[in-house]
1. Can you list residue pairs whose Cβ atoms sit under 9 Å apart, with the first residue in segment 445-456 being part of a loop (DSSP other than H, G, I, E, B) and the second being open to solvent by less than 40 Å² (accessible area, probe 1.4 Å) and of a type in the set (Lys, Arg)? Count only pairs 6 or more apart in sequence or on different chains.
2. For segment 171-214, what are the residues that are under 20 Å from residue 319 (Cβ atoms), in contact with a Pro (Cβ under 8 Å, 6 or more places away or on another chain) and touching a residue at least 24 places away in the same chain (Cβ under 8 Å)?
3. For segment 307-324, what are the residues that are without any contact (Cβ under 8 Å) to a residue 60 or more places away in the chain and either in contact with a Pro (Cβ under 7 Å, 6 or more places away or on another chain) or over 13 Å from residue 352 (Cβ atoms) (or both)?
4. Looking at (1) part of a helix (DSSP H, G or I); (2) free of Cβ contacts under 8 Å to residues at least 60 places away in the same chain, find the lone condition where residue 236 falls short.
5. Among 339, 422, 346, which is the only one that is in contact with a helix residue (DSSP H, G or I) (Cβ under 9 Å, 6 or more places away or on another chain) and without any contact (Cβ under 8 Å) to a residue 60 or more places away in the chain?
6. Given segment 297-364, what helices (runs of 4 or more DSSP H) lie entirely inside it while holding 3 or more residues that are of a type in the set (A, V, I, L, M, F, W, C)?
7. Take the conditions surrounded by 15 or more Cβ atoms within 10 Å (Cβ to Cβ), small (Gly, Ala, Ser) and on the phi > 0 side of the Ramachandran plot and apply them to residue 392. Does it pass?
8. In segment 50-64, what count of residues is obtained for those that are assigned to a helix (DSSP H, G or I) and surrounded by 11 or more Cβ atoms within 10 Å (Cβ to Cβ)?
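The values are calculated or read from the model by the stated rules, or taken from the named source; none is laboratory data. All values derive from a computational prediction rather than experimental measurement. Methodologically, a virtual Cβ is constructed for each residue, glycine included, from the backbone with ideal geometry; neighbour enumeration extends over all protein chains shown. For the accessible areas, the whole protein counts, side chains as well, though only heavy atoms, and no ligand, DNA or RNA atoms are used. Shrake-Rupley method; radii C 1.70, N 1.55, O 1.52, S 1.80 Å.
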Amino acid sequence: MANSTEIGFEKEIWKAADLLRGNLDASEYKSVVLGLIFLKYISDRFEAKHQVLIDEGDGFEEDKDEYTSENIFFVPQDARWEVVAEAAHTPEIGTVIDNAMRQIEKENIRLKGILPKNFARPELDKRRLGDVVDLFTNIQMKEHGDSKDILGRTYEYCLSKFAEAEGKLAGEFYTPACIVRTLVEVLQPFSGRVYDPACGSGGMFVQSAKFIEKHQGNINNISVFGQDSNPTTWKMAQMNLAIRGIEADLGKFNADTFFDDQHPTLKADYILANPPFNLSDWGADKLQDDVRWKYGIPPSGNANFAWLQHMIHHLSPKGRIGMVLANGSLSSQTGGEGKIRENIIKADLVECIVAMPSQLFYTTGIPVSLWFLNRDKKQVGKVLFIDARNMGTMITRKLRELSDNDDPKEKGDIQRIAETFKSFEDGTLEDEKGYCAISPLEDIAKQDYMLTPGRYVGIADKEDDGEPFQEKMERLTTELSGLFAQSHDLEDEIKKQLSSIGFTLK
């Protein structure tokens, strides 16, 4: 069975993997599926290099340094995919995969403690596991280009499907791709230090790398830093980045960003983040005198402004932030939040606020906004407001997506937002009622330092349809009379039907 790199392949893997679910709980099932994709990926990369070394004929095919020097994980003999494939339809398949994971971790320090080793458990149906192994074995990578791309996309696709399937529980690890792409397209992180203090499964970094590749840049020009408090999510991020060939420092272990900052001295050029919304009980009482609270002590009931200030603290002198925050943060006055927001605005750090449409998340229907901050603004003393609430298309009954299209004739929502921002930076943007407005800080002060875009962009003018008012009113009242008459007829018909079965309306 040969597969192309079309989306159909990702769907096929997901369908087959879904059969494995059985009675495993979601987080265990997730690590089984994603772990298997990762194992196949590192095996494929190793095999390709292994074959090159055999063909060279110098006897270096088992020399670990030949692999690590090219950023390829070394896979020992008993951990290679052919061993796993051979055992696919034996009762030992789970143990064989677990052993492969252990051996790979032993040979590659970077993967120590990262890979899942839960394939031998009795709850996992070994016959179905064998079928999924077969599916991977039959991917004809050589015919279809880079396995990194196919498996990287499959990893991402499965992450999004897990988020969809898990609903609320998934919020901690997955930010919808269209939101991440919007942040990346606006910030354009070509080089420097990129940081995400709540990195989930690493989506911000993957999209940054894709952006650089798309614009013929060099991925080695960015250094990636992140951290996450959830151990499973932290491991998923490590695997996700390794599949993409992104070297990242996600800290020594999973850790709480507020209490155990893994990068205390970092000054980042780009910070992209989607921290947990409205996080309460985050430990404010133990961090009252923290150096990060330069603009005010965040309230214990909501961590939004703690996240924001943590990020500002980690900005380099020319650093920029693109982050997702719940809409309450635009106007809230409780717990001193209004004062913190005012201080940040007065420091002229806020560059742009984008109000997003609702239903973009698997986890919540609440609308969010994107905040862009900059220590080195081109438009000093001004803030761009974009009202994107009417953008996007419903792709399922519950989920909306922003369109992503580079075609100049038919630009996507993401490109429109990014180009609006660029025109603002260049000084060529004009206000568009109902969509965008540039406001000086004095105007924001008059609005009590509230940042809700609707206050500044106003409502779009309705297009005049050219029909004179008198004629329009006569036409509409005639139509209304007709509808009233129709409703009386229907009323009489209902009364007649009711009386035929012995009932009358009181």
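1. 449/341; 450/341; 451/341
2. The initial filter retains those residues of segment 171-214 that are under 20 Å from residue 319 (Cβ atoms), namely 180, 182-199, 204-205, 207-209, 211-212.
Retained after the next criterion (residues that are in contact with a Pro (Cβ under 8 Å, 6 or more places away or on another chain)): 197-198, 208, 211-212.
Residues satisfying the conditions are 197, 198, 208, 211.
3. We begin by selecting, within segment 307-324, every residue without any contact (Cβ under 8 Å) to a residue 60 or more places away in the chain; these are 309, 313, 317-319, 321.
Passing the criteria: 309, 313, 317, 318, 319.
4. So residue 236 meets the others, but not (2).
5. On the way: 339 fails: in contact with a helix residue (DSSP H, G or I) (Cβ under 9 Å, 6 or more places away or on another chain); 346 fails: without any contact (Cβ under 8 Å) to a residue 60 or more places away in the chain.
Only one candidate qualifies: 422.
6. On the way: elements: 304-313, 328-331, 337-346.
Here the list reads 304-313, 337-346.
7. Numbers: surrounded by 15 or more Cβ atoms within 10 Å (Cβ to Cβ): yes; small (Gly, Ala, Ser): yes; on the phi > 0 side of the Ramachandran plot: yes.
When the stated conditions are applied, residue 392 passes them.
8. Keep residues of segment 50-64 that are assigned to a helix (DSSP H, G or I), which gives 50-56, 64.
Still in the list and also surrounded by 11 or more Cβ atoms within 10 Å (Cβ to Cβ): 50-54, 56, 64.
Summing the residues that are assigned to a helix (DSSP H, G or I) and surrounded by 11 or more Cβ atoms within 10 Å (Cβ to Cβ) in segment 50-64 gives 7.
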